[in-house]
Amino acid sequence: MPDGGTGIRPPVRVVVVGAGFSGLAAASVLAGAGAQVAVLEARDRVGGRVLTRRLADGTALDLGAQWIGPTQDRMAALVAEHALTTFPSASVGAATVLWDGRRRDAPPDSAHRLVALLDADAAEVDPAAPWRAARAAEWDRTTLGGWLAEVAADPVSARYVGRLLAGGLLAADPAEVSLLQLLFYLRSGGGSGLLLAMAGGAQQDRIVGGPAALAERMAAALPPGSVVTGTPVRAIGHDDAGVVAYTDGGLHRADAAVVALAPALAGRIGYDPPLPALRDGLTQRMPMGAALKVHAVYPEPFWRADGLSGVSTAAEGPVTETVDNGVPGSSRGVLTAFAYGGEARELRRMSPQRRRAALVDALVAIVGPAAARPDEVVEYDWSADEWTRGCFCGALTPGSWAGYGPELRRPTGRVHWAGTETATRWAGYLEGAVLAGERAAAEVLAAHA
Ligand SMILES: Cc1cc2nc3c(=O)[nH]c(=O)nc-3n(C[C@H](O)[C@H](O)[C@H](O)COP(=O)(O)OP(=O)(O)OC[C@H]3O[C@@H](n4cnc5c(N)ncnc54)[C@H](O)[C@@H]3O)c2cc1C
């Protein structure tokens with residue numbers, strides 16, 4: 001960078017695209033290192049895939065991400081740094097498993113055995129380069145659905161494990177997910193034990209005020225004026241001298257850009273010159289998942305009196321998982337239901353009234369007839385949201401890892417890539433978003449500061 005003969009180098013200027021956790025984490029590292037940062041955010045709010053809605057009585061509902069857990073150390077540190085606190089997820093009483101038309105309190109060993117086989121294979125995957133695993137090619141051409149059909153002891157076990165893993169982790173159908181993608185995800189999140197558990201796992205704790213409160217504090221801690229909301233980046237020009245981010249309101253010149261978006265969203269921006277074929281190909285092969293997260297709000301958590309935790313998993317029906325999502329300080333009962341992949345799509349095709357009836361029927365099957373009369377049912381459709389287009393995250397389509405995986409983090413000249421999808425630990429999670437943002441920021445400082 002020229003210094004006009006003074007010997008004083010001006011600060012590196014960086015445009016960060018997206019004020020989700022990844023963009024905010026990147027901006028915070030860059031600003032901390034003395035860089036001049038402009039975070040350009042399409043929405044009129046920060047936080048991205050987190051959104052907290054308050055009911056009239058103050059009960060807070062997290063419509064997007066909500067949990068953090070053990071080994072998500074950067075998230076824990078940020079919560080502490082920004083003077084927020086957490087509370088444990090409600091988990092009092094017995095879990096319910098709907099299994100072949102019957103209720104159980106745990107899945108049978110046949111399901112555990114399948115998950116254990118996958119965990120063992122995941123141990124062979126390097127999350128920084130899954131395509132290098134000895135059996136990568138075989139795993140990437142095999143879908144989870146195909147593998148389960150071969151290996152599972154019975155169709156119900158296959159269906160249950162498929163819904164729990166392809167659905168619960170990637171919000172997709174087992175036929176849409178390659179084994180390699182799933183094994184990468186299992187490894188990146190520390191194995192099924194951590195990924196699936198409430199206490200002791202990724203669903204252990206919630207942030208008071210919701211993760212949105214943390215995003216707002218992270219943004220507020222940046223130098224004043226750093227975050228510009230309501231400003232979609234439409235195109236990025238880039239060459240050896242710098243980058244230009246084009247928005248509806250004008251352009252922002254910088255020395256480098258961090259694009260902190262899911263690849264599917266990053267691919268909707270124009271680039272000049274166009275992205276290299278392999279990077280663009282990646283953006284075409286990493287669709288967002290399809291999850292529907294719906295909160296049914298009751299006067300009280302009536303299921304607790306029946307000895308039920310409200311936590312359920314199901315081998316059949318439109319809803320794959322539920323949790324008790326009550327918050328401290330509110331007496332309301334909140335049952336949150338998750339539907340994934342084909343079931344989520346089917347629910348979306350229904351009228352709001354039919355969808356509500358189908359969801360409430362599913363809740364009745366889990367916690368009994370009192371579930372039939374919720375005060376409110378609150379949903380948010382992330383797939384219809386222009387700036388997210390699906391959730392929880394993007395996942396590479398079967399057969400794509402070897403050809404396109406290496407492009408996930410490879411910078412395109414002065415354009416660097418962040419977003420939770422690029423993380424090697426806790427990919428798909430808030431923790432992964434933060435780690436990815438911090439990694440991209442370090443990359444920019446090393447290359448351009
Ligand atoms: C329903 C749901 C439940 C989830 N549950 C959990 C959970 O409990 N725990 C957990 O850890 N994770 C969970 N996740 C995943 C978690 O939300 C994500 O991993 C994380 O928020 C991703 O952060 P990010 O910064 O990578 O991307 P994003 O949050 O998507 O941020 C990208 C930002 O870029 C903006 N943007 C997009 N296009 C443009 C553009 N062209 N110009 C400018 N800005 C743009 C978007 O508006 C957005 O603010 C959940 C997600 C959802 C939706």
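Points worth noting:
- Of all DSSP bridge pairs formed entirely within region 1-151, close to 50 percent run antiparallel.
- Amide H within-cut-off set for A129, under 5 Å, with H built and near neighbours excluded: none
- Local electrostatic count at A418 - Lys and Arg +1, Asp and Glu -1, tallied over other residues with Cβ under 11 Å: -1
- Using a simple spin-label model with pseudo-atoms 7 Å out from Cα toward Cβ, M350 and D126 lie 4.7 nm apart.
- Accessible area of region 188-284 divided out per residue, in Å², using a probe of 1.4 angstrom: 40 Å²
- Its DSSP H runs of at least 4 residues, each contributing -39,500 (n - 2.57), put the calculated 222 nm mean residue ellipticity of the chain at -9000 deg cm²/dmol, to the nearest 500.
- Antiparallel bridge percentage (DSSP; both residues within the chain; nearest 5): 65 percent
- Amide H contacts of H416 (H built 1.01 Å from N, under 5 Å, at least 5 apart or other chain): A257, V258, V259
- Solvent-accessible area of S226 with every protein chain in place, 1.4 Å probe, in Å² to the nearest 10: 10 Å²
- Relative counts (whole %) of C-alpha pair distances in region 108-196, using bins that are 10 Å wide: 19, 56, 23, 1
- Cα-Cα P(r), region 316-449, percent of pairs per 10 Å interval: 10, 29, 27, 19, 12, 3, 0
- Between region 8-41 and region 97-137, the Cα center-to-center distance that results, in Å: 39 Å
- Net charge of neighbours whose Cβ lies under 14 Å from the Cβ of A199, counting Lys and Arg as +1 and Asp and Glu as -1: -1
- Estimated at 0.36 nm per residue, the fully extended path between R104 and S330 surpasses their Cα-Cα distance by 78.4 nm.
- P(r) tail for the chain: Cα pairs beyond 35 Å make up 30% of the total.
- Residues whose amide H lies under 5 Å from that of A423, counting only those 5 or more places away or on a different chain, are G428; hydrogens are built 1.01 Å from N in the peptide plane.
- Taking the accessible area of region 14-118, probe 1.4 Å, and keeping the other protein chains in place, the carbon and sulfur fraction comes to 53%.
- For region 100-111, backbone phi angles converted through the Karplus equation (6.51, -1.76, 1.60; θ = phi - 60°) give residue-by-residue couplings of 6, x, 10, 9, 10, 9, 7, x, x, 4, 4, 6 Hz, Gly and Pro being listed as x.
The values are calculated or read from the model by the stated rules, or taken from the named source; none is laboratory data. Model, not experiment: these values are computed from the prediction. Positions of Cβ are backbone-derived with ideal geometry, glycine not excepted, and every protein chain shown enters the neighbour counts. Only protein heavy atoms, including side chains, enter the accessible area calculation; ligands, DNA and RNA are left aside. Shrake-Rupley method; radii C 1.70, N 1.55, O 1.52, S 1.80 Å.
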